[in-house]
Amino acid sequence: MSHITIATTAFDDQKPGTSGLRKQVTIFQQAHYLENFVQSIFDSVPELKGGTLVLGGDGRYYNDTAIQTILRMAAANGVSRVLVGQDGLLSTPAASAIIRKYQASGGIILSASHNPGGADGDFGIKFNGTNGGPAVESLTNTIHQNSLSITDYQITDSADIELSELNSHQIDGMTVEIISPVHDYAELMQQTFDFPAINALFEAGFRLRFDAMHAITGPYAKHILEDMLGAPTGTVINGTPLPDFGKGHPDPNLAHAKELVAEMFSDNAPDMGAASDGDGDRNMILGNNIFVTPSDSLAVLAANATLIPAYQDGLSGVARSMPTSCAVDRVAEKLAIDCFETPTGWKFFGNLMDADKITLCGEESFGTGSSHVREKDGLWAVLYWLNILAVKRTSIKTILHQHWQEFGRNYYTRHDYEAIDNAQATSLMQELENKLEKLNGQSWNSKTVLQADNFHYTDPVDHSVSTNQGIRILFDNGSRIIFRLSGTGTQGATLRVYIESYELSPDKLHLDTQAALQEYIQLANEIAEIKKYTGMEQPTVIT
Ligand code: G16
């Protein structure tokens with residue numbers, strides 16, 4: 001067995017997006033493509049030499065091939081120990097927990113999150129740092145720069161490692177420990193929540209349906225919900241991770257978790273429904289015949305934090321991404337804690353958590369989390385809701401309605417226009433930018449634009465500046481229209497339009513969301529001339 005240096009030529013498309021490098025599988029299958037990016041990570045993170053690396057993925061197609069390549073490259077790049085999930089599996093939040101627990105120098109997570117899998121689907125790779133969180137922008141920029149100038153990479157010619165047994169192996173002086181993907185994470189959940197109270201809730205007949213969407217959370221959910229907490233067998237559906245996610249789209253939202261949504265809006269609906277995505281960091285929460293928007297979920301979790309053992313002393317602060325609704329801001333105001341507004345991307349929360357400026361954070365894109373790890377965490381959010389329900393012993397609908405009664409309701413929707421032409425998408429955003437000055441102060445039906453800008457963020461901890469983070473149109477009545485291009489798609493461009501209005505009067509708290517926002521939806525279409533640039537009459541997905 002020996003180290004080999006392989007000559008390569010750089011690819012010009014290895015710039016990480018909102019969350020790592022995501023491309024179609026066929027792109028990753030090009031000769032040297034994966035290796036170039038992995039070598040660029042090793043070259044950008046010198047601490048990995050002699051350090052511990054955590055490695056695993058969501059089990060999608062190409063996961064197993066990539067893991068073996070990365071193990072060989074880790075050995076050749078001088079990594080001392082790799083902790084790899086059994087069968088190459090690790091959910092994103094579990095990887096974050098394991099990096100932190102074992103004080104690893106970092107982790108490589110293989111996933112394209114909620115994007116479809118299979119040979120004709122997507123694959124992805126991201127690096128998480130020693131705090132367990134996604135690489136910050138300065139590091140992803142360095143990785144990208146290295147990928148542009150790479151001329152060779154290091155690898156061993158060792159044989160594949162058998163990953164199905166919890167065992168230890170050596171590759172050229174590097175130790176490979178195959179660990180349970182579930183154990184450490186389950187222990188952390190047990191330390192965070194009141195498991196006996198949740199167990200009593202299930203014993204009292206509480207009905208949960210958890211849709212793992214044939215993705216990574218299945219084994220975690222079965223072990224924690226069914227084995228540890230006593231939920232009946234069958235509570236978890238689609239619980240076996242499959243390389244193509246059963247040909248589904250593992251995105252826990254109203255459009256893609258169809259089976260679950262149908263059951264939750266039926267006459268015999270369970271008390272609670274939940275789903276998580278490809279790599280287990282996203283969540284969707286439903287009650288009997290009610291959908292909880294991710295923005296509302298974050299607000300409810302924040303408002304009820306002291307019911308949870310880990311947060312019983314209160315929250316240091318909260319944060320949300322800019323396009324996420326302002327529902328949590330109102331809770332923060334009442335609790336007299338800070339509320340930070342960050343750009344889209346979980347990586348922006350890490351510094352705030354490390355500096356203990358926030359305990360909880362969340363995003364409209366079905367992500368909620370806390371400082372227990374440095375990633376969003378799907379199953380954690382489900383357990384949080386279960387813990388609240390175990391204490392309150394009332395329905396999700398009642399909790400939500402009482403929340404709106406107390407704080408008012410932020411009606412909220414996101415309209416996505418997917419796979420549009422890149423040039424058209426850029427023109428649409430450019431044209432919006434050109435209109436900003438004119439929009440400031442403009443009025444429609446007695447609503448006046450207070451501020452129209454392109455959002456930028458100065459990190460309060462390291463003072464780094466991120467510009468061009470989305471066009472905001474903020475009205476004087478608290479309503480907002482936001483436009484940005486997705487950083488996670490792999491085909492063409494995706495325009496996201498986020499629309500929000502705030503309602504406090506008790507007789508207007510229970511309207512249909514799309515109807516309540518109709519006026520703003522129309523305005524957004526007019527201002528951005530969406531039809532003209534996309535050629536589409538309707539969004540492809542509404543969440
Ligand atoms: C990733 C990021 C999130 C972001 C989401 C959507 O989630 O981690 O912070 O909100 O993408 O990003 P975009 O609007 O740019 O597509 P995930 O679950 O895909 O890793």
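The values are calculated or read from the model by the stated rules, or taken from the named source; none is laboratory data. Owing to the predicted nature of the structure, the values given are computational and were not obtained by experimental measurement. A quick note on method: Cβ atoms are made from the backbone with ideal geometry, for glycine too, and the neighbour counts reach across all protein chains shown. Note: accessible area is taken over every heavy atom of the protein model, side chains too, but ligands, DNA and RNA are not part of it. Shrake-Rupley method; radii C 1.70, N 1.55, O 1.52, S 1.80 Å.
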Is region 375-431 rounded, prolate or oblate when judged by the Cα gyration tensor, a ≥ b ≥ c being the square roots of its eigenvalues, rounded requiring a/c under 1.5 and prolate requiring a/b larger than b/c? prolate
Please compute the per residue accessible area over the chain with all protein chains in place, 1.4 Å probe, rounded to a whole number of Å². 37 Å²
Students often check this: by mean Cβ neighbours within 10 Å, which of 149-156, 373-380, 361-368 ranks highest, and how do the rest follow? 373-380, 361-368, 149-156
Using a basic spin-label model with each label point 7 Å from the Cα along Cα→Cβ, how many nm lie between PHE11 and SER138? 2.8 nm
Between GLU165 and GLN538, what is the label-point separation in nm under the 7 Å Cα-to-beta-carbon projection? 5.5 nm
What percentage of the solvent-accessible surface of region 3-181, computed with a 1.4 Å probe over protein heavy atoms, is contributed by carbon and sulfur atoms? 47 percent
Cα centroids of region 513-543 and region 213-232: how far apart, whole angstrom? 38 Å
Out-of-range pairs (alpha-carbon distance over 31 Å; input LYS101/LYS126; LYS222/LYS357; LYS392/LYS508; LYS222/LYS392; LYS222/LYS508; LYS126/LYS447): LYS222/LYS357; LYS222/LYS508; LYS126/LYS447
In whole angstrom, largest first, the equivalent ellipsoid semi-axes that the Cα gyration tensor gives for region 409-542 are 24, 20, 16
Classified through the alpha carbon gyration tensor (a ≥ b ≥ c as square roots of its eigenvalues; rounded if a/c is under 1.5, else prolate when a/b is larger than b/c, else oblate), region 3-181 comes out rounded
Per residue convex hull volume, Cα only, region 51-137, in Å³ is 91 Å³
What is the sum of charges around ALA159, taking Lys and Arg as +1, Asp and Glu as -1, for the other residues whose C-beta is under 13 Å from the C-beta of ALA159? -3
What is the distance in Å between the Cα centres of region 66-103 and region 157-206? 13 Å
Reachable aspartates and glutamates from LYS532, criterion Cα separation under 20 angstrom, eight or more residues apart if same chain: ASP416, GLU418, ASP421, GLU431, GLU433, GLU519
What one gets for the chain as the Kirkwood radius, inverse of mean 1/r over different Cα pairs in Å, is 23.8 Å
In whole Å, what is the distance between the alpha-carbon centres of region 10-47 and region 233-263? 29 Å
Take each of the peptides 170-177, 4-11, 136-143, average the number of other beta-carbon atoms within 10 Å over its residues, and list them starting from the highest. 136-143, 170-177, 4-11
